[in-house]
Amino acid sequence: MSDKKFGLAGVMGWPVAHSRSPALHGYWLKKYDLLGAYVQLPVVPGQLGVALPGLAALGFRGCNVTIPHKVEAMKLVQALDPVARRMGALNTIVVQPDGSLKGFNNDGFGYIQSLLDAQPDWRADAGPITVLGAGGAARAVVLSLAERGAREIRLLNRSQDKAQALADEFGGPVQVLPWAARHEALESAALLVNTTSQGMHGNPALDLDLARLPVQALVSDVIYVPLETPLLAAARLRGNPTVNGLGMLLNQARPAFNAWFGVMPEITPELRRAIEATL
Ligand code: NAP
C-alpha cells in the first residue's frame, strides 16, 4: 500500500463530536473504494492559527471548518475562492499542490442543490422569496439565491439591524422588512425559507402564520434536527411542497469530497437513510 494514495481529511471545529461529516465522508470513502480517512479534528478556540498551518505537513488533503472557526479561518488561508470571499466565511479548505491552503464555502451550493433535488425545474426567479433569519445560514442562502437570479428577496429577522447589514452588503434584490410583518410577507411568495434556529430540536417552533402563503409555494427549512420541523409539518398539511435541511448538509459535502478524493459523490436514498439514522 503506497502512502501517496492514502487520502486524509477531517472536520476542524469545537466541539466536533456531534458532526455528521465523518459518517458522511466515511460512507463515500467506502462506497467508492478509496483508501483514506476522514477524522474529527477538535481544535479549541484560539488554536486555529497553530492547527491550520500543520495540515499539509500532516499529509491532509484538506478539511472542513465549522463553528467557531469559519470566519477566523479566512485570514489563515493563502487563497480564497470568490464565493467564500463574498460569503465572509469558509467551510472547506483544500491543500494545494505547493502545500498552501485555499478556502471555499459550499453551503450556498448545497442549499441550491437541495432545492433542485426536490424540484428539478425550480428557478430562483419564479417569484418573490421570503427568507427568515440573518445569521450564518442566511448568508449562504441569500447570497446563493441572489446569484441564481432571484429578483425579490424579502428578508426578515428578529434583530432587524442584522438583516439590514446583510442587505447593505449584498444589495441587489434583498429588501428588509420588520419581523412583525413576517405573516404578511408570505403574500405571493414562490419560496419561503427558514434559516432561524426556531423549530430546531430543543427550541420552540417558529411563530409564523402560513395563511397568506400560496399553496404551491416551496417551503424550505435549513434545520435537519428534526427532519420535519413544525413549520414543514404545517406547510405539508396545507399542501405546500417542502424541503428539509438534510439536502443542504449532504450536498455541501460533495464538492469538498471531490476536491480531496477526486470523485464527485452521489446522494443516494441509502446514504440519506444512513445519515438520518445518526440524527
Ligand atoms: P446563527 O448565525 O446563530 O443565526 C440564528 C438565527 O436565528 C438569527 O437570525 C436569529 O435572530 C434567529 N433566532 C434565534 N432565536 C430566535 C427567536 N427566538 N425568534 C426569532 N428568531 C430567532 O445560526 P446559523 O448558523 O445561521 O444556524 C441557524 C440554523 O440553521 C440552525 O438550526 C442550524 O442547525 C441550521 N443550519 C443548517 C445547515 C445545513 O447544512 N442544513 C447549515 C447551517 C446551519 P437574531 O439575529 O435576532 O438573533
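The values are calculated or read from the model by the stated rules, or taken from the named source; none is laboratory data. If you're wondering where the values come from, they're calculated on a predicted model, not measured in any experiment. As a convention, Cβ positions derive from the backbone with ideal geometry for all residues, glycine included, and neighbour counts pool all protein chains shown.
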Practice task
Any residue in the range 121-134 that's more than 14 Å from Leu213 (Cβ to Cβ): show its pairings with residues that are of a type in the set (D, E, K, R) at Cβ separation under 6 Å, as long as the two are six or more apart or on different chains.
Solution key: Ala124/Arg148; Asp125/Arg151; Ala134/Lys162
Completion exercise
Among the residues of the range 173-190, the number that are under 24 Å from Glu147 (Cα atoms) and touching an Asp or Glu at 6+ places or on another chain (Cβ under 6 Å) is 1
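Name the one entry in Arg273, Arg212 that is touching a residue at least 12 places away in the same chain (Cβ under 8 Å) and not small (Gly, Ala, Ser). Reasoning before the result, please.
Working: Arg273 fails: touching a residue at least 12 places away in the same chain (Cβ under 8 Å).
Matching residue, one of Arg273, Arg212: Arg212.
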Completion exercise
Residue count, the range 218-234, condition in contact (Cβ under 8 Å) with a residue 40 or more places away in the chain and among the small types (Gly, Ala, Ser), comes to 1
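Let's see how each residue does on (1) buried (at least 20 other Cβ atoms within 10 Å of the Cβ); (2) more than 16 Å from the ligand (Cβ to nearest atom):
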residue: Trp179; (1), (2): no, no
residue: Ala185; (1), (2): yes, no
residue: Leu208; (1), (2): yes, no
residue: Val219; (1), (2): yes, no
residue: Ala277; (1), (2): no, yes
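Of the residues Leu206, Leu250, which single one is in contact (Cβ under 8 Å) with a residue 12 or more places away in the chain, of a type outside the set (Val, Ile, Thr) and part of a loop (DSSP other than H, G, I, E, B)? Talk me through it step by step, then tell me what you get.
Working: Leu250 fails: part of a loop (DSSP other than H, G, I, E, B).
Result of the check over Leu206, Leu250: Leu206.
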Practice task
For the range 149-165, enumerate the residues that are surrounded by 23 or more Cβ atoms within 10 Å (Cβ to Cβ), within 15 Å of the ligand (Cβ to nearest atom) and more than 10 Å from Thr130 (Cα to Cα).
Solution key: Asn157, Ala163
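Given the structure, is Gln119 closer than 28 Å to Ala150 by Cα and of a type outside the set (Asp, Glu)? Reasoning before the result, please.
Working: closer than 28 Å to Ala150 by Cα: yes; of a type outside the set (Asp, Glu): yes.
It is true that Gln119 is closer than 28 Å to Ala150 by Cα and of a type outside the set (Asp, Glu).
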Problem - the range 3-22 - residue that is farther than 14 Å from Val65 by Cβ and in a strand (DSSP E or B) and, of those, modelled with the lowest pLDDT - result: Gly7
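Taking the range 219-247 as the search range and keeping residues that are part of a strand (DSSP E or B) and hydroxyl-bearing (Ser, Thr, Tyr), which one is farthest from Leu206 (Cα to Cα)? Let's see the steps before the verdict.
Here is the first cut: in the range 219-247, the residues part of a strand (DSSP E or B) are 219-221, 242-243.
Next, only the ones that are hydroxyl-bearing (Ser, Thr, Tyr) stay: 220, 242.
On the way: Ser220: 13, Thr242: 16 Å.
Restricting to residues being part of a strand (DSSP E or B) and hydroxyl-bearing (Ser, Thr, Tyr), the top hit is Thr242.
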